[in-house]
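Notes follow the structure.
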Amino acid sequence: MKEKEITVVKAGGRTEAFNPLKLENSLLRAGATIDMSKDILLHIEQELTDGMSTSKIFKHAFFLLEKMQRPAAVRYSLRRAILELGPSGFPFEDFVAQILKEKGFETLTGQMVLGSCVEHEMDVIAWNENKLIMAEAKFHNQLGIKSDLKVALYVKARFDDLKGMKYLYGTERFVDEGWLVTNTKFTSTAIHYGECQNLKLIGWNYPETGNLQDMIQDSGLHPITCLTSLSSAQKHILLKREIVMCKSLKDDPTILRSLGFNTLKIDRIIEEINLL
């Protein structure tokens, strides 16, 4: 007799059959060994119940992975760490700008730019000697929310208005690329429209290469919300001070001392940052 299929509930409320390969692959991408991922999967499957949320499964897998290998656990939590950059979304714009800066671009955020018809506030402007990029950053604080066709249409219309103008960033030039960046996913119609209209879409796992997760890992930059050695309240204080990157704490540990941490606690946080 065929074993009953276990159904899980995704972040957006949709249900689907539990896929052990998805969980195993996400653990492997985080840096867990094959043996670790198989051990965790076996443990999860033993406690899996019909209708369990994927969020609960993640928390359980993260707990097990953290006990086995802390750096891998931090990488595994990266996607949810990005969600904690809200609620305003401003730190996400700064985060995107910092990643582009690490790639050799000069960057500005929250700039008013005059198009052919009207002014537009651009979340991120990035340029080097070869390219000028203007990006719209769409932040969501829930995994189930996707950027849809309406968002892609709106952003494309803005870039069409900017396209015919020259701008003085490094040198006088036209915009080379318009980006729509989100920390979650795009709907299939938004992706189809972006591909058709040459609008560069960058989501958590889209495109297959060069997506947001790849960009974060390639740059070596991680948000402070990744750190398990900081409480939620401590992360919130740092974000309010516009301290977004782990690198900022590593470069200037006195920031941590200003939160009242002793040398032992600071060393532990810096050690965790180095492990990333």
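Every number here is computed from the coordinates shown, using simple stated rules; none is lab data. Note that this is a predicted model, so its numbers are computed, not measured. Using ideal geometry, Cβ is built from the backbone for each residue, glycine included, and neighbour counts are taken over all protein chains shown.
Using packing as a proxy for protection, rank 219-225, 11-17, 43-49 so that the peptide with the highest average count of other Cβ atoms within 10 Å comes first.
219-225, 43-49, 11-17
Note the angle between two axes, namely the Cα long axis of helix 20-29 and the longest principal axis of the Cα atoms of the chain, as a number of degrees from 0 to 90, rounded to the nearest 10.
Rounded to the nearest ten degrees, it is 60.
Does the chain come out rounded, prolate or oblate by the C-alpha gyration tensor, with a ≥ b ≥ c the root eigenvalues, rounded set by a/c under 1.5 and, if not, prolate when a/b is larger than b/c and oblate if not?
oblate
Show me, for region 258-275, the HN-Hα J-couplings you get by feeding each phi into the Karplus relation (A = 6.51, B = -1.76, C = 1.60, θ = phi - 60°), rounded to Hz, glycine and proline as x.
These are the phi-based 3J(HN,Hα) values: 5, 8, x, 6, 7, 4, 4, 5, 4, 4, 5, 5, 5, 4, 5, 4, 4, 5 Hz.
For Tyr167, which sequence-distant residues (separation of 5 or more, or a different chain) have an amide H within less than 5 Å of its own amide H, given hydrogens modelled in the peptide plane?
It is Arg173, Phe174, by chain and number.
Can you tell which of Asp214, Asp35, Asp160 shows the greatest fluctuation in a Gaussian network model of the chain with Cα springs below 10 Å?
Asp35
Output ³J(HN,Hα) for region 141-157: one whole-Hz value per residue in order, computed from phi by the Karplus curve 6.51 cos²θ - 1.76 cosθ + 1.60 with θ = phi - 60°, and x for Gly and Pro.
9, 9, 5, x, 7, 10, 7, 9, 4, 4, 5, 4, 5, 4, 5, 4, 4
Return one number: the angle in degrees, 0 to 90 and rounded to the nearest 10, between the long axis of the Cα atoms of helix 34-47 and the longest principal axis of the Cα atoms of the chain.
The angle comes out near 70 degrees.
For region 175-204 and region 231-261, what is the centre-to-centre distance using only Cα atoms, to the nearest Å?
Spelled out, the Cα-based centre of one part sits 32 Å from the other.
Taking the Cα atoms of region 7-76 alone, what are Rg (to one decimal) and Dmax (as a whole number) in Å?
Rg and Dmax of region 7-76, Cα atoms, are 11.5, 32 Å.
Relative contact order (percent) for the chain, with alpha-carbon contacts under 8 angstrom and 6 or more residues of separation?
14 percent
For Cα pairs less than 8 Å apart in space and 6+ apart in sequence, what is the mean separation divided by the residue count of region 1-133, i.e. the relative contact order in percent?
Rounded, it is 16 percent for region 1-133.
In degrees between 0 and 90, to the nearest 10, how far off the longest principal axis of the chain does helix 188-197 point, with axes built from Cα atoms?
30 degrees
With the cut-off at 1.5 for a/c, could you classify region 91-156 from its C-alpha gyration tensor as rounded, prolate or oblate? Mind dumping the intermediate values first?
Working: a/c = 2.07, a/b = 1.19, b/c = 1.74.
Oblate.
Between rounded, prolate and oblate, where does region 223-275 land on the alpha carbon gyration tensor, with a ≥ b ≥ c its root eigenvalues, rounded for a/c under 1.5, else prolate if a/b exceeds b/c?
Verdict is rounded for region 223-275.
List the residues whose amide H sits under 5 Å from the amide H of Trp179, counting only those 5 or more places along or on another chain, with H placed 1.01 Å from N in the peptide plane.
Met134, Ala135, Glu136
Counting Lys and Arg as +1 and Asp and Glu as -1, each charge on the Cβ, what is the dipole of the chain about the Cα centre in debye, to the nearest 20?
520 debye
Where a Cα-Cα gap under 18 Å defines reach, which lysines qualify for Lys166, not counting those fewer than 8 residues away within the same chain?
Lys131, Lys156
Rank Arg29, Arg79, Arg158 by mean-square fluctuation in a GNM of the chain with C-alpha springs under 10 angstrom and give only the top-ranked residue.
Highest fluctuation among the options: Arg29.
Taking a threshold of 25 Å on the Cα-Cα distance, which of the pairs Lys101/Lys185; Lys101/Lys200; Lys10/Lys235 fall above it?
Pairs exceeding 25 Å: Lys10/Lys235.
Please give the length that would be gained between Lys38 and Leu153 if that part of the chain were fully extended, namely 0.36 nm times their separation in residues minus their C-alpha to C-alpha distance (nm, one decimal).
Result: 37.1 nm gained on full extension.
Once the Cβ-Cβ distance between Asn198 and Asn25 is put in as r, and R0 is 22 Å, what FRET efficiency do you end up with, to the nearest 0.05?
My answer for the efficiency is 0.10.
Can you pull the Kirkwood radius for region 85-219, inverse mean 1/r over Cα pairs, to one decimal in Å?
On the way: mean 1/r = 0.0666 Å⁻¹.
One over the average 1/r among Cα pairs gives 15.0 Å for region 85-219.
Counting only residues 5 or more places away or on other chains, whose amide H sits under 5 Å from the amide H of His222 once H atoms are built in the peptide plane?
Correct list: Cys246, Lys247.
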